[in-house]
Every structure is written in structure tokens, then in C-alpha cells.
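The values are calculated or read from the model by the stated rules, or taken from the named source; none is laboratory data. All values reported here derive from a predicted model rather than from experimental measurement. Virtual Cβ from ideal backbone geometry, glycine too; neighbours counted across all protein chains shown.
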């Protein structure tokens, strides 16, 4: 057996995990990883994706995991690279995305414990990363690289998934050792790969409660999406004739136009949540934007039963008491429930309340549609961008939303038709994720259309990644809703002070984002009228390039987007 560097050993370990992309800005502290990838990348089917900023790389990995259901890997150098990475890792932690971060330190004789002596680019990575990841550990010996990689992936994919962090000194990455002394192991030989089922006795009790219920509400969150449980949700809901609601993150778990599905910001959703006598919560902690699972959004816990499905036991009963806990993968547990419910009850017709909820939703939809009727207005409404996208993009296109008030428009006007087709930093609300998310989604699903609707403020955070998309031939389409301001902060000021102007520190200098895109090698379009949106989309798609469409929107209308009241109520805890 030959001697190999720690960098090559690390690469082999990642290949064994099925990793095909490593997101990293090349750096001297891990040059042996880059060297091994250059030499063996084609043979291994592995590719280096070089971003312009490490946080954007982590965001791209976050999106990759959500679309593909597989872990992703990002690397960063000692000191500043690792510091840049943190924002993306905190977002991944909030969303439960299994992103494995690998950072380097300077050589062992000057790093970490010797920081006080003045080494350059030396920082306490383990301490810094601890609150941003599920687990953080340091490789102290060349032979331990495989063990640490396995543990990072084991933790990242267990329970509620989430990011992990491995710290490796540059001297260990450069060190050579006998490959006969170590072994890589396939994932199915050291960690649980098959989705975990629920306890049979608990499944039976839950099935009986569902069968006996008058009105059931299946309420889906992140865990339902991560598990790929869309078909299982649909099958059980149609058998029970019950309402399906979901968090913003789980949009598309049923198509928005499914007769049993109710929109997350419509009163129909609140009616379904609150009037059901049994709520089946699938992969959700019932957090802040669910009003903690409490009235008035949900029913009185003393009267309304809750069945909760989650992979993470510590989420059970977190924000309201649970009657039956089902610990396991959402897809597997729903499949078990389906089998058990079928034995207890015949297929039920849609509950009479469904028609009432549908009437509320139809009125909601009509009000939204009426607001967009003036197609000649200049500047246009942000909702008109979403309507054009609904008509232009295929049903399986991946939609990324980013921004403050822009996302409220998107939540209301975008029509979700597929599970895992909507990507948003819901739990962290992190501006600037849109373009990196689109890049990660396109890497995961190159055969699908990927587009992003973002506010101009959010777009500015990672605008440099347009060049990354061009260099990697990733033809994503970005529509920038330009109101020239931090629009959501204007909304907050209006709520707080009860006045519309003057705005303090919110407005931007004019920027032509399409021209910025062209300067970076993208296709660019400038749109002021609704009638010009569809032709602009056609030209952008036909270009085969990453595209930036600058869309001028009404800054005054943007201060009070649809759903603003509900957002404010959820954030304040008062409804």
C-alpha cells in the first residue's frame, strides 16, 4: 500500500459518503485536498464548486440538501474563511439541513491553544462553531480522519438533521500515512440509512383516534418535506376526507390547488387548525409562526387532541401537550398510519367543513387576484411578478424566494405544485440566501428550471455569486423586485411609529441590477410593465445563461404587502 496525504484520505472518505460536490474557496491550508481532487476528481465523479464568499457556499449546500435529501459538504480556510462560513451554517441549523462543514486551522504548533502568542489567522473554531452546529470536533491524528468524517455524517443525518463541523490542522491534511492503516466504510455499514418506523402500539392508538375523529387536520412542517412524505400525506388525507395545512417551509406537500389543501396565510388555514378535534402534526415543533400551537390559531389543548410525528424526541410536547407521540421518519410513520387507518374505517367523504374552508380560501384567492387586475399600472405590484412566473415556469420548477416584504408577496401569489419545490430561509429569515439557494438547487437538479424572486435589498447581500453561476454554467433566473429600499423595515417603522415618512436609513441609491448581471456575464432584462414580463422570461430562458431581470415595483404598495398583519401578529405573539 502507498502513502497518501490527509487531503487525499479526506477526499476518499467524502466519496464513500456519496459526496459529489465540495464547495470551497481554494486555500493553502487544505491544498492537498485540492490536489487530490484535481488528480482524482473525474475518476471519483467529484467536483469543486468555488464560490465568491463562504457564507454563500454554505447556503448553496443548505439548498442542495433540501432538494436532494442528501448531505452536502462545504470547506473553509483557517480564520477568515471559517468566520465567513458561520452565517450560512446558522441558517442550515435553523432549517435542519445536514451540511457538513470542514474548516482548517494553521499547523498544530501555533493553532488554537497558542492563539495568545500571535499566530496569524488563528481562532478558536470549535468554540465559535459550537452554537451553529449539532456537533463540532477536531481531528488530532491522521488516522482519525475517517472516524471523524463518519461521526460528522452520522450526527448530521440522525434525529432532526442538521449541520456538523470538522476541524483539521493543515499539517494533518499535508501529512502522509500508510493507507493500509485506515479504511473507508460505506454509509449503510455504520449509520442508519433506512427511515425509522414508529412504535406499532402507538401507531394503532393514533390510527384509532384518527378513525374516530369528527374532523382531522393534518398539519405539515419541515420534517414532512425532508422525509419526502408528500404522497403519504395525500393518501391519508384523502382517505380521512380531512384538511391539510402546512408551514411555509412545507409548501407543495400537497399542490396548492388540491381540494383538501389550505394556504398557510389564509383564514381557511386558521379555521382548519382551530376547529379540528384531532390535529396530526407531521414534522413540526409548532413554533412561533404557528403561534406555538396555541389558540386562537389552534384549538384549546384541553379539548383538541394532538398526535405528533417527529424524528427528534425532544420536539414532542415542546410547545403544547401531545396526546400521542410517534417517533420516527414522517414518511414511514404515515405509511404505517395509512395501513392501520384503512383497517379501522372505510374511505370517508370530505368533511362538511371542507366546503366552508374552501369558501374562505376562494374569497381569499379572489381578493388577491382582484388586486392584480390593473396590468397597465406603473410601477407594477410585486404580486404581478409571481403571477407571471406561475404562468411561465413548469410545474416541477424549483422556486426560491428571498427578502422581507418580497417574500410576503411570494407566499401569497406563488402557486406551489410539487413537494421540495419551494426554498426559503423560513426559520432564520436570512437575507441574501436566494441566489446561493438557487445555485445549490440547480446543482442538485440540473434538469429542472430554477428561478428566484428576491427583493433588491436581499439580492445585494450575495450578488457576487452571479459570477459563480456563470462560471459553473448554472442557468438560474433571478427576478429582482426593485423598490429601492429595505421595504420590510419601512413596514416595521410604520407599525412602530404610525407614520409613513420620512424613512430613516432605509432607502438605496439607484442600481440597475440587470446591468450588473450583464457585467458579470449574465443575460439581463429591465422590466417596468406587466406586459413585458413574459417576453423577458422567454428571452432569459432562451439565453441558456444565468439571467437577471430587474423589475421595477411600487415602493408605496410594497410597504404594506398582503399578509403583513398576520406576520406582525405572529411576531408580536398577539392575534
**Item:** 3 or more residues farther than 22 Å from residue 53 by Cα and touching a strand residue (DSSP E or B) at 6+ places or on another chain (Cβ under 6 Å): qualifying helices (runs of 4 or more DSSP H) within segment 357-476
**Value:** 405-413
**Request:** Can you give me the number of residues within segment 197-208 that are buried (at least 18 other Cβ atoms within 10 Å of the Cβ), in contact with a strand residue (DSSP E or B) (Cβ under 7 Å, 6 or more places away or on another chain) and modelled with pLDDT of 95 or more?
**Result:** 2
**Prompt:** Hey, does segment 179-186 have a residue that's in contact with a strand residue (DSSP E or B) (Cβ under 7 Å, 6 or more places away or on another chain) and modelled with pLDDT of 90 or more?
**Reply:** no
**Item:** Exclusive hit being farther than 23 Å from residue 527 by Cβ, in contact with a helix residue (DSSP H, G or I) (Cβ under 9 Å, 6 or more places away or on another chain) and either crowded, with 17+ Cβ neighbours inside 10 Å or at pLDDT below 95 (or both), set 503, 409
**Value:** 503
**Asked** Can you tell which of 322, 314 is in a loop (DSSP other than H, G, I, E, B) and either surrounded by fewer than 18 Cβ atoms within 10 Å (Cβ to Cβ) or over 24 Å from the mean Cα position of the chain (by Cα) (or both)?
**Response** 322
**Fill in**
Of the candidates 523, 550, 534, the one satisfying the condition of being surrounded by fewer than 19 Cβ atoms within 10 Å (Cβ to Cβ), touching a helix residue (DSSP H, G or I) at 6+ places or on another chain (Cβ under 8 Å) and in the same structural domain as residue 560 (by TED's automatic domain parsing) is 534
**Given (1) crowded, with 24+ Cβ neighbours inside 10 Å; (2) modelled with pLDDT of 95 or more, index of the condition residue 458 fails** = (2)
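Results for (1) assigned to a helix (DSSP H, G or I); (2) within 27 Å of residue 442 (Cα to Cα), shown as yes or no for each residue.
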{"position": "492", "(1), (2)": "yes, no"}
{"position": "504", "(1), (2)": "no, no"}
{"position": "511", "(1), (2)": "no, yes"}
{"position": "514", "(1), (2)": "yes, yes"}
{"position": "532", "(1), (2)": "yes, yes"}
{"position": "539", "(1), (2)": "yes, yes"}
{"position": "542", "(1), (2)": "yes, yes"}
{"position": "550", "(1), (2)": "no, yes"}
**Item:** Condition check for residue 529: crowded, with 23+ Cβ neighbours inside 10 Å, under 25 Å from residue 562 (Cβ atoms), in contact with a strand residue (DSSP E or B) (Cβ under 8 Å, 6 or more places away or on another chain) and in the same structural domain as residue 448 (by TED's automatic domain parsing)
**Value:** no
**Prompt:** If you check 244, 233, 216, 282, which single one turns out to be in the same structural domain as residue 324 (by TED's automatic domain parsing) and more than 25 Å from the chain's Cα centre (by Cα)?
**Reply:** 216
**Asked** Looking at this structure, is residue 20 touching a residue at least 40 places away in the same chain (Cβ under 8 Å) and surrounded by fewer than 22 Cβ atoms within 10 Å (Cβ to Cβ)?
**Response** no
**Lone qualifier among 385, 398 - being at pLDDT 95 or above, within 22 Å of the chain's Cα centre (by Cα) and more than 24 Å from residue 230 (Cα to Cα)** = 385
**Prompt:** Is it true that residue 480 is touching a residue at least 12 places away in the same chain (Cβ under 8 Å) and buried (at least 20 other Cβ atoms within 10 Å of the Cβ)?
**Reply:** yes
**Request:** Determine the pairs where a residue that is in the same structural domain as residue 262 (by TED's automatic domain parsing) and more than 17 Å from residue 441 (Cα to Cα), located within segment 405-422, has a partner that is at pLDDT below 90 and surrounded by fewer than 23 Cβ atoms within 10 Å (Cβ to Cβ) with Cβ atoms under 8 Å apart, the partner being 6 or more residues away or on another chain.
**Result:** none
**Asked** Does at least one position in segment 297-310 carry a residue that is in a strand (DSSP E or B), free of Cβ contacts under 8 Å to residues at least 40 places away in the same chain, touching a strand residue (DSSP E or B) at 6+ places or on another chain (Cβ under 7 Å) and in the same structural domain as residue 232 (by TED's automatic domain parsing)?
**Response** yes
**Prompt:** Of all the residues that make up segment 150-195, how many are closer than 18 Å to residue 129 by Cα and not in a helix (DSSP H, G or I)?
**Reply:** 9
**Request:** Taking residue 337 as the residue in question, decide whether it is touching a helix residue (DSSP H, G or I) at 6+ places or on another chain (Cβ under 9 Å), free of Cβ contacts under 8 Å to residues at least 40 places away in the same chain, under 14 Å from residue 209 (Cα atoms) and buried (at least 16 other Cβ atoms within 10 Å of the Cβ).
**Result:** no
